[in-house]
1. Over the chain, what is the relative contact order in whole percent, taking alpha-carbon pairs under 8 Å and six or more residues apart?
2. Report the net charge of residues surrounding Gln22, where surrounding means a beta-carbon distance below 13 angstrom and charges are Lys +1, Arg +1, Asp -1, Glu -1.
3. Any idea what the dipole of the stretch 4-67 comes to, in debye rounded to 20, about its Cα centre with Lys/Arg Cβ at +1 and Asp/Glu Cβ at -1?
4. For n ≥ 4 DSSP H runs only, could you compute -39500 (n - 2.57) per run for the chain, divide by its residues and tell me the 222 nm figure to the nearest 500?
5. log₁₀ I(q)/I(0) of the chain at q = 0.13, 0.19 Å⁻¹, via Debye over equal Cα point scatterers, no solvent, to two decimals?
Amino acid sequence: MADAKLAELIARSLLDLELRAQLLKDPAGALAANGVEATPERLAELAKLDAAELDRMGKLLERRFLGSRGKE
């Protein structure tokens, strides 16, 4: 993925559960709400996201950097 804006948004979603849910449920709306144009390429990348993998990565980051909040 060579799209810095999209990469930043996905990275933020790892710790922001609301953003993550919105990206998965309404990708175009999530992009618009965050000032990112919903191009066909960006929407195609978001369609490839795996909700379980995002949850796993988010929990890992929470445990590692925020303490016990991210216990599985």
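Since every read-out is calculated from the coordinates, none of them should be taken as a lab result. These figures come from a predicted structure and were not determined experimentally. Note that each Cβ is placed from the backbone with ideal geometry, even for glycine, and that neighbours are counted across all protein chains shown.
1. On the way: 50 pairs, mean separation 18.2, N = 72.
After rounding, I find 25 percent.
2. Details: positive: Arg12, Arg20, Lys25; negative: Asp16, Glu18, Asp26.
So the surrounding residues net to 0.
3. Values: 10 positive and 11 negative charges, 47 e Å.
Taking the Cα centre of the stretch 4-67 as origin, the dipole is about 220 debye.
4. Numbers: 5 runs with 50 residues, N = 72.
So the calculated ellipticity at 222 nm is -20500 deg cm²/dmol.
5. Computed log10 I(q)/I(0) values: -0.36, -0.73.
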